[in-house]
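Just so it is clear, none of the values below were taken in a lab; they were calculated from the coordinates. Note that the coordinates shown come from a computational prediction; the quantities given were computed from them, not determined experimentally. Note that each Cβ is placed from the backbone with ideal geometry, even for glycine, and that neighbours are counted across all protein chains shown.
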Amino acid sequence: MSQIPKTMHAVLLTGHGGIDKLVYKTDVEVPVPKPDEVLISVKGAGVNNTDINTRIGWYSKSVTSDTNQGGADGLEDAKTDDSSWSGKPLNFPLIQGADVYGEIAMVGSDVSPSRIGESVLVRTMQENPDTFKKNSCWTLGSECNGGFAQYIAVRSSEAFGISSDWSDTELASIPCAYSTAEGLLHRSQVEKEKILITGASGGVGSAAIQLAKLRDATVIAQCAREKSEEVLQIGADKIVFRDSDLAAELGIEAVDVVIDLVGGSNWTQLLDIIKPGGRYATSGAIAGPIVELDLRTLYLKDLTLYGCTFQPREVFRNLIGYIEDNKIKPLVAKSYPLKEIKQAQLDFLSKKFTGKLVLVPPDDNV
């Protein structure tokens, strides 16, 4: 590894709001790893919904709109005291970036020097170091600094070694979206059965298709009409469009499981098409977080609803294995230099791509 500089290029989030709150700096102090941490030279960092949601304060309970409405300009109704994953105020400036792939450049005093030079993926949904409470998360790029920088310091236990011939950008596309998708399928215990995946062309949705096929599931994917061919190529068995009447097209009680990333006003259709005793799992609400639930549908059909954020370590270990065994394919639509983060987020908001967008920090400070 080359000598570690004292300063680095990084994107600082200076507060909740519009895209102007992202400030690209070339003189940010390189973090020094604590005894149980490693310093990672970042080779790529994917762009995710959570980066934008955190920036605009969408996680605040005061917000009821979809995630696109304030993506560029911010949200007037977002409160700052509950606008994070944890529901607590964020500390600014913050380096976001929920996806990290890189190489270990330095280790803390309690970490074996043999890890230096190791290629690693960093777990997005980490165990909370401040509490032992079950299902308590520590989210990369929210509760701690993330990957939109040349270097990041993380706990050694959260940096997972990876051996793969994928490119830097391909590996950087995996951690957040694929672990979210794997967590949804793991929690809802998907196996060889019929499932519906909403938002199927996005990062999590396209990952969920691949991971569901590994479980021999029959996948019905919901997406925009113009993306249907791409989604079929990923592995979906059938396509339904975003504006479809699902009950009319698929039939009542047509699927065993719904993996939902969308929410919004059409949400009630999803429970109608689940078979009695079926399951519903969600980890997103890009079309809006407020839905109408008829409790009669829930209890008369004996349905189980899963909210999926916390992920046991085996979920991330599964991903490492899938990559190393080449059981899944990365879906990188485009990569950008880190300094072009604003354009990357605007392109992300346009939803005109399938898969993931990835930011690449410069190799040095020149």
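Exposure proxy check: Ile19, Ile252, Ile174, Ile259 ranked by fewest other beta carbons within 10 Å? Mind dumping the intermediate values first?
Details: Ile19 18, Ile252 11, Ile174 29, Ile259 33.
Fewest-to-most Cβ neighbours within 10 Å comes out as Ile252, Ile19, Ile174, Ile259.
Once you keep just the Cα pairs under 8 angstrom separated by 6 or more residues, what percentage relative contact order results for the chain?
Dividing the mean separation by the residue count of the chain yields 19 percent.
Highest mean first, what order results for 41-53, 322-334 on Cβ atoms within 10 Å?
Going by the mean number of other Cβ atoms within 10 Å, highest first, we get 41-53, 322-334.
Relative to the first principal axis of the alpha-carbon coordinates of the chain, what is the inclination of helix 203-214, with its axis defined by its Cα atoms, in degrees from 0 to 90 and to the nearest 10?
70 degrees
At 7 Å along Cα-to-Cβ for each site, give me the label-to-label distance between Asn68 and Glu324 in nm.
4.0 nm
Compute the angle between helix 175-187 and the longest alpha-carbon principal axis of the chain, please, reported from 0 to 90 degrees and rounded to the nearest 10.
Once rounded, the angle reads 40 degrees.
For an R0 of 51 angstrom, estimate the FRET efficiency from the Cβ-Cβ distance between Glu253 and Ser86 and round to the nearest 0.05. Show your work: numbers first, answer last.
Details: r = 38 Å, r/R0 = 0.74.
Efficiency, rounded to the nearest 0.05: 0.85.
Give the long-range amide H neighbours of Tyr101: residues separated by 5 or more places, or on another chain, with amide H under 5 Å away, using H modelled in the peptide plane at 1.01 Å from N.
Long-range HN contacts for Tyr101: Lys43, Gly44.
Return the whole-Å distance between the Cα centroid of the range 1-69 and the Cα centroid of the range 261-315.
Spelled out, the Cα-based centre of one part sits 30 Å from the other.
Give me a comma-separated list of calculated 3J(HN,Hα) values for the range 222-234, in order, Karplus coefficients 6.51, -1.76, 1.60 applied at θ = phi - 60°, integers in Hz, x for any Gly or Pro.
For the range 222-234, the Karplus curve yields 9, 7, 5, 4, 6, 9, 4, 5, 4, 5, 5, 5, 5 Hz.
Once you have the Cα-Cα distance between Leu232 and Lys352, take 0.36 nm times their residue separation minus that, and quote the gain in nm to one decimal.
So the extension gain works out to 41.6 nm.
Residue by residue through the range 153-162, what is 3J(HN,Hα) from phi via Karplus (6.51 cos²θ - 1.76 cosθ + 1.60, θ = phi - 60°)? Round to whole Hz and write x for glycine and proline.
Rounded to whole hertz, the list is 9, 9, 4, 4, 5, 9, 9, 9, x, 9.
Pairwise over distinct Cα atoms, reciprocal of the mean inverse distance: report the Kirkwood radius of the range 214-352 in Å, one decimal place.
17.4 Å
Rank-order 192-200, 300-308, 155-163 by packing density, defined as the average count of other C-beta atoms within 10 Å over each peptide's residues, highest first.
Ranked from most to least packed, the peptides come out as 192-200, 155-163, 300-308.
Applying a 10 Å radius around every beta-carbon, put 119-125, 84-90, 8-14 in order of their mean neighbour count, most first.
119-125, 8-14, 84-90
Say the cut-off is 19 Å between C-alpha atoms; which of Lys334/Lys356; Lys134/Lys192; Lys213/Lys238 go over it?
Result: Lys134/Lys192 exceed 19 Å.
Given R₀ = 41 Å, FRET efficiency for Thr309-Ser114 by Cβ-Cβ distance, to 0.05? Numbers along the way, then the final one.
Details: r = 33 Å, r/R0 = 0.81.
Taking R0 as 41 Å, the efficiency between Thr309 and Ser114 is 0.80.
Which residues' amide hydrogens lie under 5 Å from the amide hydrogen of Met106, considering only partners 5 or more residues apart or on another chain, with H built in the peptide plane?
It is Leu39, by chain and number.
Need the full-extension length gain, Arg225 to Lys339, defined as separation in residues times 0.36 nm minus the C-alpha distance. One decimal, nm.
Separation in residues times 0.36 nm, less the Cα-Cα distance, equals 37.8 nm.
Mind giving me the FRET efficiency for Asp77 and Thr268? R0 is 25 Å, r the Cβ-Cβ distance, nearest 0.05 is fine. If you can, show how the numbers build up before the last one.
Details: r = 25 Å, r/R0 = 0.98.
The calculated FRET efficiency here is 0.50.
In deg cm²/dmol, rounded to 500, what helix-only [θ] at 222 nm does the chain give when every DSSP H run of at least 4 residues adds -39500 (n - 2.57) and the total is split over its residues?
Numbers: 10 runs with 83 residues, N = 366.
Dividing the helical sum by the residues of the chain leaves -6000 deg cm²/dmol.
Using θ = phi - 60° and the Karplus form 6.51 cos²θ - 1.76 cosθ + 1.60, what ³J(HN,Hα) does each residue of the range 309-322 get, whole Hz, x for Gly and Pro?
Whole-Hz 3J(HN,Hα) from phi for the range 309-322: 10, 4, 10, x, 4, 4, 4, 6, 4, 4, 4, 4, x, 4.
Among all the lysines, which ones have a C-alpha under 19 Å from Lys61's C-alpha, if same-chain residues fewer than 8 places away are not counted?
Of all the lysines, those that pass the test against Lys61 - Cα under 19 Å, at least 8 places apart if same chain - are Lys79, Lys88.
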